[in-house]
Amino acid sequence: MLCGGISPTKKPDWDNIGKIISDALNKFAFKDDSQITDVRIFKKYAKTPKVVVQIGEY
């Protein structure tokens, strides 16, 4: 699983993760999450649970 041979298919769903992150960044990273034009979300198994967010100007 940690080598990437098995993908995590359990909850949380990827769209729920994205919504939580975009709502949390409102007024910090952008005025409103309606400004988001490109998103890439993937889930991987890891020894330590975490969320990594990269923000760039498009």
| Kirkwood Rh in Å, taken over the chain so that all alpha-carbon pairs contribute | 13.1
| note | Asserting the computed 222 nm helical MRE of the chain (DSSP H runs at least 4 long, -39500 (n - 2.57) per run, divided by residue count, to nearest 500) equals -6500 deg cm²/dmol
| query | So how tilted is helix 14-25 from the main axis of the chain? Cα-based, degrees 0 to 90, rounded to 10. | reply | 40
| the chain: trypsin sites (Lys or Arg not before Pro) falling in loop per DSSP and having at most 12 other Cβ within 10 Å | K10, K27, K31, R40, K44, K47, K50
| field | Reachable lysines from K10, criterion Cα separation under 29 angstrom, eight or more residues apart if same chain | value | K19, K43, K44, K47, K50
| Stretch L25-S7 to full length: gain in nm at 0.36 nm per residue minus the Cα-Cα span? | 3.8 nm
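Just so you know, all these numbers are worked out from the coordinates, no wet-lab data involved. On a predicted model such as this, the values are computed, not experimentally measured, just so you know. Every residue, glycine among them, receives a Cβ derived from its backbone with ideal geometry; neighbour counts consider all protein chains shown.
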